[in-house]
Amino acid sequence: QPAAAGDTAARTRARRLERQARGVELLSSEEKLMAGLPNFATYFGRDMMMTALMMRPIWTPDMSEHVIASVLRKLGPHGEVSHEEALGGQAIREHAVIYDSLIRANQTNKAKDVLRDLQRTRENYHMIDDEFQLSVLVAGYLADTTIPADRKRAFLRSEINGSSSLQLLLRELALVSSMAEPYVRRQEPSNLVAFPKLDSTRWRSASWRDSDAGYAQGRFAMDINVVWVPKALESIADVIASLGKLNISAQTLDTLAPEIRNTPLGGYLGDPASLSRAVELWKSARRHFSVTLTPSEIQRRVQAKLAWLPPAERRFWQEVVQREKALRDPFSFLALSLDSAGRPIPIPNTDSATELFLDGNLSSRNVQGDLAPILRPYPAGLFTEGLGPLVANDVYASRAIWERFEADQYHGPRVVWGREVNLLLLALANRLMKAPNRELQDALQRILDAVHASGLQHNELWSYQIKGNRLLPIRYGTSSDVQLWNTTNLVVQYVLSHLPH
């Protein structure tokens, strides 16, 4: 007898869930969680921490402790979180570059030292977003009332590289507070957390959109300055409060890590109200990234971008524009980044999904504002039927940025990222668990329908082709078969299964 359609769908779903569970097993070791297979089969701090934050409803406390310890083990001397470790051939390649630079600088003795140990593991500290993610992860762990206080104390006392976990954590929290301090002193765009220089004309894409085109050559990323810094400062306050409940006082912390006395963190320990003020000041940073376009501006820029596209794509998107109302209403969104002068680079993006996920107390106004660009149909917004929300939309930016994203599509207007989809679904489902809301339920269903129609929702990222008059979803060429933060579909399915409908 042929299986009923419902039975077939259930078996397919079960196989996919089993594949993801096995994927987590494949990526797990006693030392770390690897980011992916066959690509990225090594430690990535950001990938581990984001996955741990998303998986908390279904992971035991052991996994949070495992991830936190893995990150603390690799901290730099000033508390920097390692983004990635270079092993084997990658370590050899990176050491070869260092060797070459030392030889060119006539530093032969140092060059010989490098040559003796070419395969030594190298840590990469050039990313910024992971600095702020650790405090958020630790705050959630310490606030978990299901974990006994004695277990938390034992974990904080555990020794890593000759220091306690708590000492290492304080070093990292001090770094975070110092990075945030310039904007606390003066709320100007130039005092936001900036990307480092890549060369004389470019800024390094030092957050999760880490391709060359990822932040459209912006200097100040929205995800860092609007989402991660305020949340990290809030989390520092939560960590301090949780330590107090564990009978670890500010005086104890000062004795344990005297080097933090002259940092903003030392001031916050003595004056918690100043930390609350810092959080509020940083929450105001979103105003620097705010963009509002009139219907006439939207129409002019969309038509200019469509005229630039190849004929088949132009025809397809023009028909979409005629069907939708996307050009008829004003449009507000948070820009992807600010340029070196602090001006918004007007690119709608999915980074607000992280804010929706992290901040369960976000006002309904901000929730709707975060969802607006994600649900607005492309080419005016990000949403694409049968595919999902595109990770960015450069239609309102300059032609130079169009060309850059066309040449480097990894984080551009041709791709949907599974990471962002899962963050969105978790954020919406978590809110619906607290209180029914028809608009949020419709948004959740719309996103689910689109990504399911693509048939690619379990991929790291996916793209599309226009053939004839149809949009055909396709796998993105360099996506990994097993990606750590895509296994978070396990927790998405868990949370969705607990919704009333």
Apart from one, (1) modelled with pLDDT of 95 or more; (2) assigned to a loop (DSSP other than H, G, I, E, B); (3) not small (Gly, Ala, Ser) all hold for Asp212; the odd one out is (1)
Taking interchain pairs and intrachain pairs at least six residues apart, which have beta carbon atoms under 8 angstrom, with the first residue in the range 135-158 and aliphatic (A, V, I, L, M) and the second in a helix (DSSP H, G or I) and open to solvent by 60 Å² or more (accessible area, probe 1.4 Å)?
Ala139/Asp238; Leu142/Asp238; Ala143/Asp238; Ala149/Lys245
Given the structure, is Thr292 modelled with pLDDT under 95 and hydroxyl-bearing (Ser, Thr, Tyr)?
no
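For every residue, the table says whether it meets (1) modelled with pLDDT of 85 or more; (2) assigned to a helix (DSSP H, G or I); (3) among the small types (Gly, Ala, Ser).
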| residue | (1), (2), (3) |
| --- | --- |
| Gly89 | no, yes, yes |
| His95 | no, yes, no |
| Leu102 | yes, yes, no |
| Val114 | no, yes, no |
| Leu118 | no, no, no |
| Glu123 | yes, no, no |
Residues to consider are Arg73, Arg22; find the one that is open to solvent by 10 Å² or more (accessible area, probe 1.4 Å), of a type in the set (Lys, Arg), more than 25 Å from Ser163 (Cα to Cα) and out of contact with any Ser or Thr (no Cβ under 8 Å at 6 or more places or on another chain).
Arg22
What are the residues in the range 251-306 that are among the aliphatic types (A, V, I, L, M), outside any helix (DSSP H, G or I) and within 29 Å of Leu362 (Cβ to Cβ), if any?
Val291, Leu293
Take the residues in the range 412-451 that are in contact (Cβ under 8 Å) with a residue 12 or more places away in the chain and in a loop (DSSP other than H, G, I, E, B); name whichever of them is farthest from Leu375 (Cα to Cα).
Pro436
Condition met for Arg323 (modelled with pLDDT under 95, surrounded by fewer than 17 Cβ atoms within 10 Å (Cβ to Cβ), over 30 Å from the mean Cα position of the chain (by Cα) and among the basic types (Lys, Arg)):
yes
Does the range 452-481 hold any residues that are under 18 Å from Trp208 (Cα atoms) and not in a loop (DSSP other than H, G, I, E, B), and which are they?
Leu461, Trp462
Evaluate the range 393-406: report whether one residue or more is within 16 Å of the chain's Cα centre (by Cα) and either among the aliphatic types (A, V, I, L, M) or buried (at least 23 other Cβ atoms within 10 Å of the Cβ) (or both).
no
Tell me which of these Ser82 doesn't satisfy, since it passes every other one: (1) more than 28 Å from Arg209 (Cβ to Cβ); (2) at pLDDT 95 or above; (3) open to solvent by less than 60 Å² (accessible area, probe 1.4 Å).
(1)
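The values are calculated or read from the model by the stated rules, or taken from the named source; none is laboratory data. Since the structure is predicted, the reported quantities are computational estimates derived from the model, not experimental observations. All Cβ positions, glycine included, derive from the backbone under ideal geometry; neighbour counts span all protein chains shown. The accessibility values were calculated without ligands, DNA or RNA, using every heavy atom of the protein model including side chains. Shrake-Rupley method; radii C 1.70, N 1.55, O 1.52, S 1.80 Å.
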